[in-house]
Amino acid sequence: MKINLKDIPFSMACSYAVISELPENYRKSLNQEGLFLRTVRGGAKSTLISRLVPVEQEQEAAYTYEATESEIIIKTKSGELRLCFADEQTILICGQKGGPGLRLEFVPALPYFDYLHKVSCEQGQCYQVNCFGQNVKYLMWAQQGTAVMQQTWDGCVAGENQIFFDGQNEPLLAVIREISSEWDGVLRTYDYAAGRTAAAQKFEAFYRRMPEVPECYADTGRIAAYVDWSSIVGRNGFLTRDGMLMSKNWMCSVWSWDHCFNAVALSYKNPAEAWNQWMIPFDWQDPTGRIPDRINNYEVDFSYCKPPVHGWALSRMMKVMELSALQMAEAYDKLEKWTEWWLNYRDYDQNGLCEYTHGYDSGWDNATAFREMPVVALPDLQTYLILQMETLAELAEKLNRKKTADIWQKRSDEMLTAMLEHCFEDGRPVGTESKRVQKSESLIYYIAVMLAHRLPEEIRRNLVETLKSDKFLTPHGFATESPASTAYEEDGYWRGPIWAPSTLLLLDGLKACGEDEFVTQTAEAFCLMVQEHGFAENFNAITGEGLRDLAYTWTPSVFLILAHDYLKEQTHCE
């Protein structure tokens, strides 16, 4: 399996270190182009740690590279350098005697406080690297070969920080190990082949626990699993569980609706990890019932929230995995508080409908449904809450709380009645804003199709027929703003591009409406687009080109779900 490091970082599950190929001035970092060691720890002023520079005869060497799930091979005129993860904290660099060396040119995130210093112990000598602006430290040494530090010093400020690993007189085996606060004084010994094999085996074990896809999607499915696996970081700081980040490019947090789609993908064969992924934001649920907008190891952010898709996700997960009685009780408690938060704090006019106070709270940040100043009640929010209350009723039934189950079903029915009264006009979905009808050409209104046969026939038919028409449908799937709209933008975030989560939510709803053939066709269009253009955060609705972050985990997760659930009977791709 070949990995393009321009798009997908090289990493491993539970590691905060990655290696990427970056262009010049990446995200205004004033860097040269090349391969870079990076960190995905939260709070970093920059993710860049050091540029990796192959060296021949004391000069920067021209090189090519190949990357797989377990190794990067750098090729120069005089030989090869090989890099792998030995474990979550450790990167190994292996070189041939007389072959190229490797220089690490450290990138200061701030103009001060970064420095290197020499440390000695019984086993040998190493260097400690303090990357102050990146919130991380490393220990680096040559187990074989030599390691030489270069640094200028001006009073209390270090500059030109470099470490050069060289194997001119013997084979090179260099070690880059991330440390926390202090080093324990032990230089561990490593075997490169054993480290590479162990990393490959860890990925294979994860890959076997992801949803199976048709043979024609096998290669794409393997890379999809790698993106998800390599995007996991270990529990640390505010991350109380191992968590799948949205990406190890720059979206290096867990957002509180994105995680649901990853949890669903994990639920088929990896129920323990699916449960942990679903639970992450609930570990920080506050006394009002609200869950944070995003979490990483460094911070918990309550500035916004995200939509309550958690009941839908858990219900979907329970179809393929079994929850223990303890898990069901915990899930019920968390979901009940989360649902009550919306009902208690986001029904401003007390009409039985909940409102968004900003587009960010919907997950559809800049959708045209929010062009006018919120507060706005949209059909998608009511849909999620209706389904979430049904999930609460389902959990209560399983927990033998019959009266509670009846109460939640009644509240779900009451919200559906209010939604039908206020969120539809002439059978078409609309929003309401201060009792005024609000319309746009955004796809967000049509998430209501998830309610399927709970809806009156006329409304259900209008939703289905619109989604099957060319209003939103392109050769690659559903545009998030109608391409005929004056507000449509090819790279307009939620004003045009195709997204994985909206695709899955709509197809699940259409499937429940009995639109099996159309669901298969649209799922195939989405999967073929991903197969050709990768695992982007979103896609140009007309061309299918990947946009923004090109290794965003909910895209591979949704690809695997759709290919498994809706395309598994297919024998070939066209």
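The values are calculated or read from the model by the stated rules, or taken from the named source; none is laboratory data. Values in this document were obtained by computation on a predicted structure and should not be read as measured data. For neighbour counting, all protein chains shown are included, and Cβ atoms are generated from backbone atoms with ideal geometry for every residue, glycine included.
Among the residues of segment 511-519, is there at least one that is out of contact with any Cys (no Cβ under 7 Å at 6 or more places or on another chain), closer than 24 Å to Val309 by Cβ, of a type outside the set (Ser, Thr, Tyr) and surrounded by 24 or more Cβ atoms within 10 Å (Cβ to Cβ)? Within segment 511-519 (the criterion being out of contact with any Cys (no Cβ under 7 Å at 6 or more places or on another chain), closer than 24 Å to Val309 by Cβ, of a type outside the set (Ser, Thr, Tyr) and surrounded by 24 or more Cβ atoms within 10 Å (Cβ to Cβ)), the answer is no, since none of the residues qualifies.
Tyr348 passes every criterion in (1) modelled with pLDDT of 95 or more; (2) within 29 Å of Thr404 (Cβ to Cβ) apart from (1).
Report yes if some residue within segment 308-327 is touching a helix residue (DSSP H, G or I) at 6+ places or on another chain (Cβ under 9 Å) and free of Cβ contacts under 8 Å to residues at least 12 places away in the same chain; otherwise report no. Scanning segment 308-327 turns up at least one residue that is touching a helix residue (DSSP H, G or I) at 6+ places or on another chain (Cβ under 9 Å) and free of Cβ contacts under 8 Å to residues at least 12 places away in the same chain. Could you tell me which residue of segment 107-141 is surrounded by the fewest Cβ atoms within 10 Å (Cβ to Cβ), considering only residues that are under 20 Å from Val18 (Cα atoms) and of a type in the set (Gly, Ala, Ser)? Out of the qualifying residues, it is Gly133.
Hey, any hits in segment 275-296 for a residue that's out of contact with any helix residue (DSSP H, G or I) (no Cβ under 8 Å at 6 or more places or on another chain), surrounded by fewer than 24 Cβ atoms within 10 Å (Cβ to Cβ) and of a type in the set (A, V, I, L, M)? Checked against the condition, which is being out of contact with any helix residue (DSSP H, G or I) (no Cβ under 8 Å at 6 or more places or on another chain), surrounded by fewer than 24 Cβ atoms within 10 Å (Cβ to Cβ) and of a type in the set (A, V, I, L, M), segment 275-296 yields no hits at all. Among Ala369, Ala331, which is the only one that is crowded, with 23+ Cβ neighbours inside 10 Å, touching a Lys or Arg at 6+ places or on another chain (Cβ under 9 Å), assigned to a helix (DSSP H, G or I) and not basic (Lys, Arg)? Sole residue among the options that is crowded, with 23+ Cβ neighbours inside 10 Å, touching a Lys or Arg at 6+ places or on another chain (Cβ under 9 Å), assigned to a helix (DSSP H, G or I) and not basic (Lys, Arg): Ala369. Cys216 falls short on exactly one of the conditions (1) outside the structural domain of His117 (by TED's automatic domain parsing); (2) part of a strand (DSSP E or B), and that condition is (2). Per the listing Arg196, Arg222, the residue uniquely outside the structural domain of Ile91 (by TED's automatic domain parsing), modelled with pLDDT of 95 or more and either part of a loop (DSSP other than H, G, I, E, B) or at negative phi (or both) is Arg222.
Taking the criterion of being at pLDDT 95 or above, under 24 Å from Ile179 (Cβ atoms) and among the charged types (D, E, K, R), the residues of segment 1-60 that qualify are Arg38, Arg41, Arg51.
How about segment 25-36: which of its residues are part of a loop (DSSP other than H, G, I, E, B) and among the charged types (D, E, K, R)? Lay out the reasoning, then the answer.
So in segment 25-36, the residues part of a loop (DSSP other than H, G, I, E, B) come out as 25, 29-33.
Glu33 - this is the single residue of segment 25-36 that is part of a loop (DSSP other than H, G, I, E, B) and among the charged types (D, E, K, R).
Condition first: hydroxyl-bearing (Ser, Thr, Tyr), part of a strand (DSSP E or B) and within 19 Å of Val309 (Cβ to Cβ). Now tell me which residues in segment 424-456 satisfy that.
Taking segment 424-456 and keeping what is hydroxyl-bearing (Ser, Thr, Tyr), we get 432, 434, 440, 442, 445-446.
Those left that are additionally part of a strand (DSSP E or B): 432, 442.
Scanning segment 424-456 gives a single hit, Ser442.
Tell me whether segment 470-478 contains one or more residues that are touching a strand residue (DSSP E or B) at 6+ places or on another chain (Cβ under 6 Å), closer than 15 Å to Asn538 by Cβ, among the small types (Gly, Ala, Ser) and not in a helix (DSSP H, G or I). Taking every residue of segment 470-478 in turn, at least one turns out to be touching a strand residue (DSSP E or B) at 6+ places or on another chain (Cβ under 6 Å), closer than 15 Å to Asn538 by Cβ, among the small types (Gly, Ala, Ser) and not in a helix (DSSP H, G or I). Each residue in segment 191-240 was checked for being surrounded by 15 or more Cβ atoms within 10 Å (Cβ to Cβ) and of a type in the set (Lys, Arg), and 4 of them qualify.
In segment 113-125, the residues that are of a type in the set (Phe, Trp, Tyr) form Cβ pairs under 6 Å with partners that are surrounded by 13 or more Cβ atoms within 10 Å (Cβ to Cβ), at six or more places apart or across chains, as follows: Phe113/Phe132; Tyr115/Asn130; Tyr115/Ala158. Just need a number here: residues in segment 4-24 that are in contact (Cβ under 8 Å) with a residue 60 or more places away in the chain and not in a loop (DSSP other than H, G, I, E, B). Going through segment 4-24 one residue at a time, the tally reaches 6. For the residues Thr339, Thr383, Thr391, the requirement of being in the same structural domain as Lys439 (by TED's automatic domain parsing) and more than 22 Å from Glu421 (Cβ to Cβ) singles out Thr391.
Does segment 342-380 hold any residues that are under 23 Å from Leu455 (Cβ atoms) and either among the aliphatic types (A, V, I, L, M) or outside the structural domain of Ile447 (by TED's automatic domain parsing) (or both), and which are they?
Within segment 342-380, the first condition is being under 23 Å from Leu455 (Cβ atoms), and the residues that meet it are 342-343, 346-347, 351-356, 362-364, 367, 369, 376-380.
Those that are under 23 Å from Leu455 (Cβ atoms) and either among the aliphatic types (A, V, I, L, M) or outside the structural domain of Ile447 (by TED's automatic domain parsing) (or both): Leu343, Leu353, Ala367, Ala369, Val376, Ala377, Leu378.
Restricting attention to segment 513-545, the residues that are in contact (Cβ under 8 Å) with a residue 24 or more places away in the chain and in contact with a strand residue (DSSP E or B) (Cβ under 7 Å, 6 or more places away or on another chain) total 12.
Test Trp494 against the criterion of being surrounded by 24 or more Cβ atoms within 10 Å (Cβ to Cβ), of a type in the set (A, V, I, L, M, F, W, C) and under 15 Å from the mean Cα position of the chain (by Cα), and give yes or no. Here the answer is no, as Trp494 does not meet what is asked.
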